[in-house]
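Undergrad: Would you mind keeping the following structure in view while I ask a few things?
Since every read-out is calculated from the coordinates, none of them should be taken as a lab result. Bear in mind that the values here come from a model prediction, so they are computed numbers and not experimental data. As a convention, Cβ positions derive from the backbone with ideal geometry for all residues, glycine included, and neighbour counts pool all protein chains shown.
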Ligand SMILES: [Fe+2]
């Protein structure tokens, strides 16, 4: 954060701190999920970030989350940023809005992941406030959400046009794709909107078949729901059948759509653990019953995944990290609110250890 901005934040905050109650003032005790092990690879994930900006950045919830993600990436760079859909509210992208929305919802908040090496660089770089020497360009692996299908051009623009402007932007051009990352992690990105609309599961089957990492992480916009509508039940069974057909289980699923932080122990051997981090720009209670829910918190935030080698054993650790409600809450530091582990065999372990 720049010095002038700190001064501005501090002075305005002195006024608001006395008058504005903070939801985050009801603090949970920090969760201890440390490990003496070695971090082999990391990922950062967040969903539903695509809100148009507020009139003042200082009050923008999405920027509070993005700043916390950027701090995590600066502290210990991740291999990739995963965006879990609803990237552009309310109706996705159009050719007319493309430039402004990329500046507003990608370049500005996530510049520390970008090289700015694509088309129209001169048109985009003024939206980035991070010096080139402080950036760590990484793939941004993105799935479509229901709002991204709002406009007739939107999904196609996100698949084919955005990568020309932002080379780090990677999105399945069919229903699913696999991205191989350091640490032998295969990220399988799934268009869950297509499946909810009756789509065929074969792209997911093919992506799973092509995956060759030791670890498989599924990312999709829609979480797994318990006792849901017929199309939600079909979605669960499609994922199960894809795993069964390929014999390639998924250790962890990351989803958005519900605007909160949550953990589900699904009881499914195909996908034993789901994490929801759809509070990338707003927070509200879930509309559906999340499968196997063991934790939920209506707060803004994101997820950090670390692959850890601990006494010769490899484990995936997921930390749910709560952030401030807006950048003006300079006193409200991001904090870990829950932490889960899963081993290669899909056995999930509780947090505090
Ligand atoms: Fe959604």
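Undergrad: Rounded to two decimals, what ratio of Rg to Rh does segment 137-273 give with C-alpha atoms and a Kirkwood Rh?
TA: Values: Rg = 14.5 Å, Rh = 15.3 Å.
In segment 137-273, Rg relative to Rh is 0.94.
Undergrad: What distance in nm lies between label points placed 7 Å from Cα along the C-beta direction at residue 331 and residue 125?
TA: 4.0
Undergrad: Given the options 87, 105, 332, which has the most mean-square fluctuation in a GNM of the chain, springs set between C-alpha atoms less than 10 angstrom apart?
TA: Answer for the Gaussian network model of the chain: 332.
Undergrad: If I model a spin label as a point 7 Å beyond the Cα along the Cα-Cβ vector, how far apart are those points for residue 71 and residue 350 in nm?
TA: 2.9
Undergrad: Would you report the distance distribution of C-alpha pairs in segment 232-280 as whole percents per 10 angstrom bin, up to the bin with the largest distance?
TA: Percent of Cα pairs in each bin: 25, 52, 22, 2.
Undergrad: Right, something else. How many angstrom separate the Cα center of segment 234-295 from the Cα center of segment 138-182?
TA: 20
Undergrad: How many nm is it between the label spots at residue 133 and residue 226, if each spot is 7 Å from the Cα in line with the beta carbon?
TA: Going from the residue 133 label point to the residue 226 one covers 5.3 nm.
Undergrad: While we're looking at this one, here's another question. Let me know the whole percent of all Cα-Cα pairs from segment 267-320 that are separated by more than 13 Å.
TA: Values: 979 of 1431 pairs.
Distances greater than 13 Å cover 68 percent of the Cα pairs.
Undergrad: What value, in deg cm²/dmol to 500, does the helix sum -39500 (n - 2.57) over DSSP H runs of n ≥ 4 give at 222 nm once divided by the residues of the chain? All intermediate terms of the calculation are to be shown ahead of the outcome.
TA: Numbers: 8 runs with 74 residues, N = 353.
When only DSSP H runs of four or more count, the value is -6000 deg cm²/dmol.
Undergrad: For the chain, modelled as a Gaussian network with Cα springs under 10 Å, which listed residue fluctuates most, 222, 120, 311?
TA: Result: 311 has the largest fluctuation of those listed.
Undergrad: Once the Cα gyration tensor of segment 83-170 is diagonalised, what are the square roots of 5 times its eigenvalues, in whole Å and ordered largest first, as equivalent ellipsoid semi-axes? Mind dumping the intermediate values first?
TA: Working: eigenvalues 92, 33, 24 Å².
Computed over segment 83-170, the values are 21, 13, 11 Å.
Undergrad: Most fluctuating residue of 153, 274, 170 in a GNM of the chain with Cα springs under 10 Å: which is it?
TA: 153
Undergrad: With an 8 Å Cα cut-off and a minimum separation of 6 or more residues, compute the relative contact order for the chain in percent.
TA: Numbers: 856 pairs, mean separation 74.6, N = 353.
Answer for the chain is 21 percent.
Undergrad: A further question on this structure: So if I average 1/r over every pair of distinct C-alpha atoms in the chain and take the inverse, what Kirkwood radius in Å does that give? Could the numbers behind the result be given before it?
TA: On the way: mean 1/r = 0.0493 Å⁻¹.
About 20.3 Å for the chain.
Undergrad: Please compute the contact order of segment 223-353 in relative form: average sequence separation of alpha-carbon pairs under 8 Å and at least six residues apart, divided by the residue count, as a percent.
TA: Working: 289 pairs, mean separation 26.3, N = 131.
Over segment 223-353, the number comes to 20 percent.
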